Amino acid sequence: MIDRDNYVIYLCGYTQFGHTNWYPWKKFFEVFEHLGYEVYWASKQDIRRHENKKNVYITWCDPDTIELLNDGIYQDGDIIFHKLVAFGQYDSGIEWGDTMEECLEFFKNFRWYYRYFLCGWWCRTSERNCVETS
């Protein structure tokens, strides 16, 4: 567990209702707040440093990990939890599969090019129960 006295949690982006990430971000915010963490749900321009604390970033692409690194927001000792998707805005056209099995095989062998320790997470979804994607 992340030490509440030494870390501040930032849920990055999706502060406006309407995007599908708004729902999990809202629940993350409620849970972290309930557990007593100092937590902020903020846009990139509102992220700041806190005296004697490191930041934990939960992000996808608003900002994404590359922006956190290249814009000098990430500092040594910070932690990034990045929601894994198929490359997002940096998709170079790589074919990563048409079936769940092909996708899982692709990501077993895929190597992120970052020189940092990153924590990635994803959730399995199904279009069968979602009118928008079926």
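The values are calculated or read from the model by the stated rules, or taken from the named source; none is laboratory data. Just so we're clear, the structure is a prediction, and the values are computed from it rather than from any experiment. Neighbour counts are summed over all protein chains in view; Cβ atoms, including those assigned to glycine, are modelled from backbone coordinates with ideal geometry.
Pairs linking a residue in region 24-45 that is at positive phi to a residue that is modelled with pLDDT under 95 and not in a strand (DSSP E or B), with Cβ atoms under 9 Å and 6 or more positions apart or on different chains, are 36/4.
For region 7-20, check the following and say yes or no: at least one residue is surrounded by fewer than 18 Cβ atoms within 10 Å (Cβ to Cβ), closer than 30 Å to residue 100 by Cβ and of a type in the set (S, T, N, Q). Scanning region 7-20 turns up at least one residue that is surrounded by fewer than 18 Cβ atoms within 10 Å (Cβ to Cβ), closer than 30 Å to residue 100 by Cβ and of a type in the set (S, T, N, Q). Which of the residues that make up region 48-70 are of a type in the set (D, E, K, R), under 21 Å from residue 19 (Cβ atoms) and in a loop (DSSP other than H, G, I, E, B)? Within region 48-70, 62, 64 meet the criteria. Answer yes if at least one residue in region 121-134 is within 20 Å of residue 40 (Cβ to Cβ) and at pLDDT 55 or above, and no otherwise. Yes: one or more hits.
Being among the hydroxyl-bearing types (Ser, Thr, Tyr), at pLDDT below 90 and assigned to a loop (DSSP other than H, G, I, E, B) is the filter here; which residues of region 71-96 pass it? Quick ask: steps written out before the conclusion?
Just the residues of region 71-96 that are among the hydroxyl-bearing types (Ser, Thr, Tyr), to begin with: 74, 90, 92.
Still in the list and also at pLDDT below 90: 90, 92.
The answer is 92, and nothing else.
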